[in-house]
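Here the structure is laid out as structure tokens; the discussion comes afterwards.
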């Protein structure tokens, strides 16, 4: 009560010095602020949005308690990891470990074995943690003690995005419906129809149809697709990992990506599927909800001709006989081991940043999903925005609405971390994708495309890929 009265007197007198209001228990004092560093990999709009939030923290909560946060972008996740690894190993010329840094569970496992990560359970009450989406919190628990080592700050999932303008032309000519795109099998069938439809537009050129669909992450497709069918590619129990991908499930994955790809129904040419949508090479894609702002507002073809398009956002498709499962992704943040004052200050920032008001503002500006349960409601998001100057582009608004519904309606899935799990994921990313591209090019180079496709569409070809993938994955997890 004495300290409380002191605070009131200081405020009423307009004093700058807030004697007695500091959090001395944890070593914080507004008269002698401490600095915390934050490393991340945000770029573009996400970078601007995050820097604005850091400045807002410094002017409010940070100023109140005596915390000054400084953020620095490392441009890419790989650059971030390289610098974190150098810092953790105290390499010559390396910077010191940051207090807070963006982190995925795969890499967190590596740093945790070096004793670099703080158990954040000691800085959050159970009541506080219960306000966050359960699966977001659980993803950050991966050690034997089930400690919280990666805190959710901004998440994403995958959504379906369609060039509605060109879809309308196709649908009017073929009677197709967007409902066909709700399942992976439906996309495959629709892509074949679209190829034949576009091929017929130029009857003087044989086999000149256009691709319909692309996806950004092959690893997500395989991991979530297997989970939808009741399997986990990487089954982790008591720290031990085994490969659990049956031939039957692998064949469904093959039939709904590799086969349509070598036929020209699917395509992956640009760095991201949105690049292929911008050039009109595809009209539908599955990509991260956080990349919504990159979906084009116009198509520019090879001749430089441009025309505006509208976008329709849908929930992620899944196998028609499978469960409604969507990928849960997006880096969280970890706190590095230092001293109580800096660890506590770091936890204060994470707590402030993920409160509904701040997190909704960041989510809208960056296309990421809020992490608290109360904020994963589109009405909450729009209500929060009414009293702010933040505006959402239509595609971002639609994506957030669909994504929030998906978080609430689907089961969210992310594979557990294990030794070399990042390498194993990279193998999944490249295996089917690289083979699809290579074999499609062989088809294009052939004088008889149908015969070339028939040579690849065989049980033997599938078996060779399947057995090769299992061998590669087992070598990775056993090295």
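Tabulated data
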| read-out | value |
| --- | --- |
| Using alpha-carbon coordinates, inclination of helix 421-445 to the longest axis of the chain, degrees | 30 |
| Value of D in µm² per second that Stokes-Einstein yields for the stretch 357-433, Kirkwood Rh from Cα pairs, at 25 °C (0.890 mPa s) | 169 |
| Semi-axis lengths, Å, the stretch 254-335, gyration tensor of Cα atoms, sqrt of 5 times eigenvalues | 25, 20, 13 |
| Cα convex hull of the stretch 329-479 - mean projected area over all directions, nm² | 15.1 |
| Calculated P(r) tail over 19 Å for the stretch 26-127, as whole % of Cα pairs | 53 |
| Sorted peptide list for 224-236, 454-466, criterion being average Cβ within 10 angstrom, highest first | 224-236, 454-466 |
| Enclosed volume per residue, in Å³, of the convex hull spanned by Cα atoms of the chain | 173 |
| Helix 340-353 axis, angle to the chain major axis (alpha carbon atoms, nearest 10°) | 50 |
| Estimated Rh, the stretch 174-259: Kirkwood, alpha-carbon pairs, angstrom | 15.0 |
| Value of Rg/Rh across the stretch 114-237 [Cα atoms, Kirkwood radius] | 1.19 |
| Cα centroid separation - the stretch 287-324 against the stretch 417-434, whole Å | 25 |
| Cα centroid of the stretch 349-408 to Cα centroid of the stretch 192-215, whole Å | 39 |
| Over the stretch 27-133, relative contact order from alpha-carbon pairs under 8 Å, at least 6 apart, % | 29 |
| Peptide ranges 341-351, 434-444, 311-321, 201-211 listed from the most packed, as the mean C-beta count within 10 angstrom indicates | 341-351, 311-321, 434-444, 201-211 |
| Gap separating the Cα centres of the stretch 59-76 and the stretch 132-149, nearest whole Å | 25 |
| For the chain: relative contact order, % (alpha-carbon pairs under 8 angstrom, 6 or more apart) | 20 |
| Crossing angle, helix 184-200 versus the chain [Cα axis fit, 0-90 degrees, rounded to tens] | 50 |
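Only the coordinates and a few stated rules stand behind these numbers; no lab work does. The structure presented is a predicted model; accordingly, all values stated were derived computationally and were not measured. We place every Cβ from the backbone using ideal geometry, glycine too, and count neighbours over all the protein chains shown.
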